[in-house]
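Can you keep this structure in mind? I'll have questions shortly.
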Amino acid sequence: MRGIVAALLLTSAGGFATRRTLLRLSVQSRGVPDSAAPPAPSLRSDVASFKVMDVVESAQALEAEGHRVYHLEVGQPSTGAPAAVKRAAARALDTEKLGYTQSKGIPELREAIIKHYYEVGGIPEGSLDPERLVITTGSSGGFLLAFAACFDKDDHVAVGSTCYPCYRNILESMDCHPAIIQLNKEFKLTATQLRAEVERRKDAGLPPLKGVIQSSPSNPTGSTLTPAEVEEMCAFCAAEGMWFLSDEIYHGINFGEQAASALRFPQYADNVMVLNSFSKYFSMTGWRLGWMVLPEGLVDSVYRLQQNMFINAPTLSQLAAVECFSEESIDELEGHVARYTENREIVMSTLERLEIPISPCNGAFYVYADLGDLAGDVAQGLGAEVLCETFLREKKVAITPGTDFEDPASGMGFKRIRFSFPGATEDVREAMKRFEEWWPSWLERCA
Ligand SMILES: Cc1ncc(COP(=O)(O)O)c(C=O)c1O
């Protein structure tokens with residue numbers, strides 16, 4: 001086989017027809033012992049999978065068998081986009097060409113976001129140059145742009161010991177090193193923890209941190225930095241010459257004081273990048289739309305990366321999302337937050353009755369429970385993953401083990417579980433009733 005290929009190569013200087021012939025021959029040769037194996041997948045693609053997606057699959061399998069399953073596993077609103085957004089999308093489908101847009105996004109949407117920051121975000125009026133704002137393909141698209149713009153191969157980037165797992169996974173796939181920092185007792189990564197790590201690294205002669213990324217409110221804990229803590233993070237990163245990547249995707253979903261955007265402190269703007277999204281507060285996960293507010297020094301890099309990687313965020317979503325900020329839409333979205341508030345109370349009060357310690361949950365739509373030894377011993381076939389599988393099988397309620405969110409080396413993922421509560425209140429109530437009924441049977445298994 002290799003001989004035929006070599007002969008063809010020699011006789012035909014690689015013309016189109018000959019390449020096709022070669023391709024056919026190589027396809028025909030599959031299974032023939034002397035054919036070359038295709039290359040292996042890249043090392044960078046060897047990232048951890050999402051356990052929550054395994055839970056989703058198991059839940060769907062049960063649904064396919066005809067069971068009613070209660071979904072407290074996935075972090076997405078059970079509602080769709082605001083009605084005004086859907087109407088705008090329908091209009092745009094009829095009237096617009098839906099071609100490419102400017103890479104940084106349509107001006108109307110960028111301006112609407114900036115106006116929203118001034119009106120409800122407590123951002124000093126006039127402090128945001130629209131050129132610093134880029135519309136992205138969800139905040140996930142934003143992470144790729146952000147990491148590519150901020151970090152080089154072998155850079156060390158701080159993440160919390162409990163965090164949104166894609167930070168670690170994407171950083172690793174870009175050949176960066178996540179530096180895992182233990183959260184404080186309130187499940188927060190503040191400037192205090194960061195300073196201790198920076199100093200430890202200096203003392204130990206370890207490479208410095210190039211930046212830090214975290215979400216506040218946090219997935220999975222709901223813990224939220226106070227405005228003073230956000231300011232301290234900004235100031236510390238500026239003093240140390242680090243990037244502060246502030247993931248603000250859950251802003252707008254707060255139970256108590258609104259989370260403070262890092263943009264409230266424009267004096268540190270050169271070191272701070274904000275990532276946000278229409279997925280959570282705006283209830284538009286599938287529209288794949290987000291935005292970044294960039295430090296001046298990264299604008300040009302991110303524009304060029306966006307042009308090459310994505311060209312632009314989805315045009316239909318951009319046109320429709322302008323309607324997110326209308327009074328009608330905000331009223332509708334605030335209605336969702338009122339529902340999350342009620343749901344949170346149901347989840348928290350159930351876990352409190354069961355005396356299960358939980359994270360503070362000041363924002364987002366998650367309660368993170370720390371079961372400690374009550375999760376059971378992994379060596380004995382127990383632990384959070386088995387707990388979630390068993391609860392789903394026996395009570396038809398899907399929740400997520402902590403293994404997605406925890407530093408894999410810590411083992412904490414097997415002791416913690418996440419309840420996601422953006423669903424319908426009656427579903428959350430029924431799910432938690434089932435958990436309360438079922439919990440004693442789990443404790444018996446662990447005894
Ligand atoms: C903290 C955090 N950041 C970012 C994302 C990604 O969101 P998207 O790409 O839909 O904007 C999620 C999704 O759950 C998240 O929890």
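For region 89-204, report the accessible area per residue in Å² (1.4 Å probe, heavy atoms, rounded to an integer).
Working: 5300 Å² over 116 residues.
Accessible area per residue, region 89-204: 46 Å².
Quick check on packing: order 411-417, 189-195, 278-284 by the mean number of other C-beta atoms within 10 Å, highest mean leading.
Details: 411-417: 21.7, 189-195: 20.1, 278-284: 24.6.
Listed from highest to lowest mean packing, they are 278-284, 411-417, 189-195.
Which order, highest average first, do 156-163, 440-447 follow once you tally other Cβ atoms within 10 Å for each residue and take the mean per peptide?
On the way: 156-163: 23.6, 440-447: 12.1.
Put in order of decreasing packing, that is 156-163, 440-447.
What do you get when you divide the Cα radius of gyration of region 83-325 by 2.2 N^0.38 Å, with N the number of residues?
Numbers: Rg = 17.6 Å, N = 243, 2.2 N^0.38 = 17.7 Å.
Rounded to two decimals, the normalised Rg is 0.99.
Report ³J(HN,Hα) in whole Hz for each residue of region 119-127, in order, from the Karplus equation J = 6.51 cos²θ - 1.76 cosθ + 1.60 where θ = phi - 60°; Gly and Pro get x.
Computed from phi, the couplings for region 119-127 are 6, 10, x, x, 8, x, 3, x, 7 Hz.
Give me the three principal axis extents of the chain from the C-alpha atoms, as integers in angstrom, largest value leading.
For the chain, the Cα extents along the three principal axes come out at 80, 61, 59 Å.
Next question. If you stretched the chain out fully between residue 46 and residue 102, how much longer would it get, using 0.36 nm times the residue separation minus the C-alpha to C-alpha distance?
Working: separation 56, 0.36 × 56 = 20.16 nm, distance 3.33 nm.
Extra length from residue 46 to residue 102 when fully extended: 16.8 nm.
Considering only 101, 136, 81, whose Cα is most displaced toward the positive end of the charge dipole of the chain, charges sitting on Cβ of Lys, Arg (+1) and Asp, Glu (-1)?
101
Remind me, relative contact order of the chain in percent, using alpha carbon pairs under 8 angstrom and six or more residues apart?
On the way: 793 pairs, mean separation 95.8, N = 447.
Dividing the mean separation by the residue count of the chain yields 21 percent.
Can you give the extra length, in nm with one decimal, that the chain gains between residue 235 and residue 389 once fully stretched, where that is 0.36 nm per residue apart less the Cα-Cα distance? Please report the intermediate quantities before stating the final value.
On the way: separation 154, 0.36 × 154 = 55.44 nm, distance 4.38 nm.
Difference between extended and current length: 51.1 nm.
In whole angstrom, note down how far apart the Cα centers of region 364-395 and region 53-103 are.
28 Å
Also: Counting alpha carbon pairs within less than 8 Å and at least 6 residues apart, what relative contact order, in whole percent, applies to region 162-268?
Numbers: 124 pairs, mean separation 27.8, N = 107.
Relative contact order, region 162-268: 26 percent.
Extension gain residue 90-residue 270, at 0.36 nm per residue separation less the Cα-Cα distance, in nm? Intermediate results must be reported in sequence, preceding the final value.
On the way: separation 180, 0.36 × 180 = 64.80 nm, distance 3.96 nm.
In short, 60.8 nm is gained.
Shifting gears a bit: Please report, in debye to the nearest 20, how large the charge dipole of region 83-325 is about its Cα centre when each Lys and Arg carries +1 at its beta carbon and each Asp and Glu carries -1 there.
620 debye
Rounded to the nearest 5, what is the percent of antiparallel bridges among the DSSP beta bridges in the chain?
Values: 18 of 37 bridges.
Counting DSSP beta bridges with both partners in the chain, the antiparallel share is about 50 percent.
Given charges of +1 on the Cβ of Lys and Arg and -1 on the Cβ of Asp and Glu, with all other atoms neutral, how large is the dipole of the chain about its Cα centre, in debye to the nearest 20?
With only Lys, Arg, Asp and Glu charged at Cβ, the dipole is about 1660 debye.
Output the relative contact order of region 83-325, whole-number percent, from Cα pairs under 8 angstrom with separation of 6+ residues. Don't jump to the answer; show the numbers that get you there.
Numbers: 438 pairs, mean separation 72.4, N = 243.
30 percent.
Once the dipole of the chain is set up with Lys and Arg at +1 and Asp and Glu at -1 on Cβ about the Cα centre, which of 67, 376, 256 lies farthest towards its positive end?
Positive-end residue among those listed: 67.
Listed here are the pairs 115/188; 395/415; 115/433; which of them are more than 32 Å apart at the Cα? Please report the intermediate quantities before stating the final value.
Numbers: 115/188 30 Å; 395/415 20 Å; 115/433 43 Å.
The answer is 115/433.
Can you give the FRET efficiency for residue 409 and residue 445, using 1/(1 + (r/R0)^6), R0 = 30 Å, r = Cβ-Cβ distance, to the nearest 0.05? Walk me through the numbers on the way to the answer.
Values: r = 27 Å, r/R0 = 0.89.
The pair residue 409/residue 445 has a calculated efficiency of 0.65.
Here is a further query. Just for region 83-325, what percent of DSSP beta bridges are antiparallel, to the closest 5?
Details: 8 of 25 bridges.
Expressed as a percentage, antiparallel bridges in region 83-325 total about 30.
If I model a spin label as a point 7 Å beyond the Cα along the Cα-Cβ vector, how far apart are those points for residue 61 and residue 200 in nm?
In this crude label model, residue 61 to residue 200 measures out at 3.9 nm.
The values are calculated or read from the model by the stated rules, or taken from the named source; none is laboratory data. Remember, predicted model here, so these are calculated numbers, not experimental data. Here Cβ is always computed from backbone atoms with ideal geometry, including for glycine, and neighbour counts include all displayed protein chains. Surface areas here come from the heavy atoms of the whole protein model, side chains and all, with no ligands, DNA or RNA. Shrake-Rupley method; radii C 1.70, N 1.55, O 1.52, S 1.80 Å.
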